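Data block below; observations after.
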Amino acid sequence: MSKIVAVGEIFLGEALSIIAELVASKQFEKAGANLTTLLPMFLLIMIGGVLLVYGYALGYMHLKNIWIIVAISVGAILVVEPILALLLFREVPTIGSLIGLALGAPGMLAAIFL
């Protein structure tokens, strides 16, 4: 059960961090580079960071292999970031972006399962 909690914390931490990054970039563009509009995103990314640190620690404690934890973290980014970017920016990825994502997915799966 603790392994599942660790993976969940890593995914949630990555998701919160990515949301903060994407929303901040969108707000920064709209606000004309006003740093005060980014303060809520700093708080969000700090919460995400705490979840990531705890998820890494808990995951390593139970899995005893940091590379599995790294692969889970990269996998979370690989899954969550494109979805959030599509939802927040409503932009279609380029061919190069799709190829990069397609090549990253098997690498992440190989690291976890092989």
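The values are calculated or read from the model by the stated rules, or taken from the named source; none is laboratory data. Source: prediction; values computed, not measured. Here the Cβ positions follow ideal geometry from the backbone for every residue, glycine too, while neighbour counts run over all protein chains shown. Ligands, DNA and RNA are excluded from the accessible area calculation, which covers all protein heavy atoms including side chains. Shrake-Rupley method; radii C 1.70, N 1.55, O 1.52, S 1.80 Å.
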- Query: Within region 104-114, which residues are part of a helix (DSSP H, G or I), farther than 21 Å from GLY13 by Cβ and open to solvent by 60 Å² or more (accessible area, probe 1.4 Å)?
  - Reply: PRO106, PHE113
- Checked pairs for region 78-107, first β-branched (Val, Ile, Thr), second surrounded by 14 or more Cβ atoms within 10 Å (Cβ to Cβ), C-beta under 6 Å and 6 or more apart or across chains, list as VAL80/GLU14; VAL80/ALA15; VAL80/ILE18
- Would you check which residues across region 6-27 are hydroxyl-bearing (Ser, Thr, Tyr) and touching a Gly at 6+ places or on another chain (Cβ under 7 Å) and list them? SER17
- Message: So if I check each of LEU58, LEU52, which one is within 14 Å of GLY13 (Cβ to Cβ), in contact (Cβ under 8 Å) with a residue 40 or more places away in the chain and within 16 Å of the chain's Cα centre (by Cα)?
- Response: LEU52
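With the structure loaded, tell me whether LEU101 is assigned to a helix (DSSP H, G or I), at pLDDT below 85 and surrounded by 14 or more Cβ atoms within 10 Å (Cβ to Cβ) or whether it fails that test. Steps first, answer last, please.
On the way: assigned to a helix (DSSP H, G or I): yes; at pLDDT below 85: yes; surrounded by 14 or more Cβ atoms within 10 Å (Cβ to Cβ): yes.
Answer is yes for this residue.
Could you identify the single residue in LEU52, LEU16, LEU58, LEU88 that is in a helix (DSSP H, G or I) and open to solvent by 40 Å² or more (accessible area, probe 1.4 Å)?
Values: LEU52 fails: open to solvent by 40 Å² or more (accessible area, probe 1.4 Å); LEU16 fails: open to solvent by 40 Å² or more (accessible area, probe 1.4 Å); LEU58 fails: open to solvent by 40 Å² or more (accessible area, probe 1.4 Å).
None of the other options fit; the residue is LEU88.
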- For GLY75, the lone unmet condition from (1) exposed (fewer than 15 other Cβ atoms within 10 Å of the Cβ); (2) within 14 Å of the chain's Cα centre (by Cα) is (1)
